[in-house]
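One structure is given below, encoded as structure tokens.
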Amino acid sequence: MRTWDIFCSVIDNYGDIGVSWRLARGLAHEQGAKVRLWVDDLAAFQRIRPEIQPDRAQQACEGVTVCAWRQDAVFGPPAEVVIEAFGCTLPEAYVADMAARAAPPVWVNLEYLSAEPWVTAHHGLPSPHPQLPLTKYFFFPGYTRQTGGLLRERNLLARRSEFLQHDIVGYWQSLGVPAPVPGEWRISLFAYENPALAELLDAWSGGVDPVTLLVPEGRILPQLAKWLGLNALQAGDAIRREALQVQVLPFASQDDYDRLLWACDLNFVRGEDSCVRAQWAARPLVWQAYPQAEAAHHDKLEALLAMYTEGLDPLAAQTVRDAWRRWNGVPGAPDMAACWASWRTHRNGSRSFFWTLS
Ligand code: TRH
């Protein structure tokens, strides 16, 4: 059994802790590893894993020792494998202890996921420490065999099938949402603020297909409230505008969020981890890349689009490209009304309108 220390600093949002937790849990469950997960913001962690108690210095969760990464934290001997998630910078004293070990730990910098081609050349590169006898290696997750791949629990696809066969009716009941009527779209929305939202909501409300929009609490709610003519929205709110039924959900645990993705006909996702989970859900998706300065995220978008649409029939591929580009503010893309008009025609298309990884 190897020992692992995973360090995670939460910058904003939930992607950093989402991926770090997934990795920690997977190592403990599936590899029998002894894992400590050091997190500097346990309150953010609690949002995706409600059992976490933000004020505790140390706690066990699903076989992982979760440790508060504070100024006064006592790290003890470093583990055999050390993961520095997303360049979070390890404490100096801890790095010195790593160097003092008879066998220096394997030190890995876990990077952000991208489909961009340059990732292949950077995955696995070493970075020797300038003073100490230590080397850090860069690990790039990715979509090709030349990268580090993606996290997926061993039983995920079996759990998804089981859910869709046996649990879906109960799932809608548990959310307090009626079962879908024929022809209805169930759509989940997890998004950053987005100028294209209003035109999409207009298209859904004024359209012929009933749409139920399921929105976990988060950054998009003020914009959604504004479109609805309300001051604010909160979990439990259910509002209808013509063909569109909006349902605000509490922010779910990671496992419950998977169920939402599995249950919906279309998922709007963002960042990195929810995008991957929507792919494992094998449902159509619209991705909003994490916005970066000088629209650097548009390169990321185009890189994933190129892979995602490979093998789709040409009309479906164009529809996906248009919708993803508009949703990400790429100039020249048709508006969401046009995108939606085209999207709905593919509902029963013979070719899959999504892309799964195996
Ligand atoms: O929250 P994000 O926007 O995270 C972002 C990105 O990862 C970005 O690249 C990074 O730089 C920035 O954080 C700091 O989106 P992401 O990556 O999809 O992570 C969301 C996590 O939250 C994911 O693990 C799924 C989880 N989640 C829940 O557990 N419950 C929910 O109800 C929802 C909507 C999400």
| Among all the aspartates and glutamates, which ones have a C-alpha under 20 Å from K136's C-alpha, if same-chain residues fewer than 8 places away are not counted? | D5, D16, E80, E84, E92, D97, E111
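Given R₀ = 22 Å, FRET efficiency for W118-L315 by Cβ-Cβ distance, to 0.05? Mind dumping the intermediate values first?
Working: r = 31 Å, r/R0 = 1.40.
After rounding to 0.05, the efficiency reads 0.10.
Scan the chain and report its longest stretch carrying no GluC sites (Glu not before Pro) that are both in a DSSP loop and have at most 13 other Cβ atoms within 10 Å.
Working: sites that count: E51, E62, E193, E242, E310.
Looking at the chain, 63-192 is the longest stretch - no exposed GluC sites (Glu not before Pro) with at most 13 other Cβ atoms within 10 Å.
As a test of the formula, what do you get for the chain when each DSSP H run with n ≥ 4 contributes -39,500 (n - 2.57) and the sum is divided by the residue count, at 222 nm and rounded to the nearest 500 deg cm²/dmol? Mind dumping the intermediate values first?
Values: 13 runs with 125 residues, N = 358.
Calculated mean residue ellipticity at 222 nm is -10000 deg cm²/dmol.
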| said: To make sure I understand, if each residue's beta carbon is the centre and we count other beta carbons within 10 Å, what order do T120, T212 fall in, fewest to most? | reply: T120, T212
| So for region 109-266, Kirkwood radius off the Cα pairs, Stokes-Einstein at 4 °C and 1.567 mPa s: how many µm² s⁻¹? | 69 µm²/s
| said: From the phi angles alone, apply the Karplus equation (6.51, -1.76, 1.60; θ = phi - 60°) to region 247-262 and give each ³J(HN,Hα) in whole Hz, x where the residue is Gly or Pro. | reply: 10, 8, 10, x, 4, 8, 5, 4, 5, 5, 5, 4, 4, 4, 4, 5
| request: Please work out the C-alpha center-to-center distance from region 252-270 to region 166-194 and express it in whole Å. | output: 9 Å
| task | Taking 7 Å along the Cα-to-C-beta vector as the label spot, tell me the E193-A338 distance in nanometres, rounded to one decimal. | result | 2.7 nm
| request: Return P(r) of the chain (all Cα-Cα pairs; 20 Å bins starting at 0; whole %; ordered from short to long distances). | output: 27, 56, 17, 0
| field | Hypothetical label at D97: residues of region 45-65 whose amide nitrogen lies under 16 Å (7 Å Cα-Cβ projection) | value | 57-59, 65
| task | Sketch the reach of a paramagnetic label on A158 as a point 7 Å from Cα along Cα-to-Cβ, and name the residues of region 22-64 whose backbone nitrogen lies under 16 Å away. | result | 29-31
| Alpha carbon centre of region 218-232 versus region 1-27: separation in Å? | 32 Å
| Alpha-carbon spread of region 228-325, three principal axes, descending order, Å | 39, 31, 30
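Give the percent of DSSP beta bridges with both residues in the chain that are antiparallel, rounded to the nearest 5.
On the way: 11 of 52 bridges.
Once the DSSP bridges in the chain are tallied, antiparallel ones form about 20 percent.
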| request: Could you quote the convex hull projected area for region 156-353, Cα atoms only and averaged over all directions, in nm²? | output: 10.9 nm²
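Per the Kirkwood treatment, what hydrodynamic radius in Å, one decimal, follows for region 94-187 from the mean inverse distance over all distinct Cα pairs? Don't skip to the end; give the middle numbers.
Details: mean 1/r = 0.0566 Å⁻¹.
Answer for region 94-187: a Kirkwood hydrodynamic radius of 17.7 Å.
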| Counting only residues 5 or more places away or on other chains, whose amide H sits under 5 Å from the amide H of Q288 once H atoms are built in the peptide plane? | V269, R270, G271
| note | Here region 226-234 yields Karplus 3J(HN,Hα) values (6.51, -1.76, 1.60; θ = phi - 60°; whole Hz; Gly and Pro given as x) of 4, 4, 7, x, 10, 6, 7, 10, 8
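Quick one: order C275, C339, C61 by neighbouring beta-carbon count within 10 Å, fewest to most.
Values: C275 22, C339 25, C61 17.
Fewest to most other Cβ atoms nearby, the residues stand as C61, C275, C339.
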| query | For region 196-205, in order, what is each residue's ³J(HN,Hα) by Karplus, 6.51 cos²θ - 1.76 cosθ + 1.60 with θ = phi - 60°, in whole Hz (x at glycine and Pro)? | reply | 8, 4, 4, 5, 6, 5, 4, 5, 5, 5
| query | For region 1-109, with the dipole built from +1 on Lys and Arg beta-carbon atoms and -1 on Asp and Glu ones, taken about the Cα centre, which of W38, A60, I48 lies farthest toward the positive end? | reply | A60
| said: Over all directions, how big on average is the projection of the convex hull of the alpha-carbon atoms in region 1-156, in square nanometres? | reply: 9.7 nm²
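Efficiency by 1/(1 + (r/R0)^6): what FRET value for I168 and V208, r their Cβ-Cβ distance, R0 = 22 Å, to the nearest 0.05? If you can, show how the numbers build up before the last one.
On the way: r = 25 Å, r/R0 = 1.13.
After rounding, the FRET efficiency stands at 0.35.
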| said: If neighbour count is taken as other Cβ atoms inside 10 Å, put H346, H129 in order from fewest to most. | reply: H129, H346
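Every read-out reported here was derived from the displayed coordinates using simple, explicitly stated rules and does not represent laboratory data. Note that the structure is a prediction, hence the values are computed from the model and not measured. Reconstructed Cβ throughout: ideal geometry from the backbone, glycine too, with neighbour counts over all protein chains shown.
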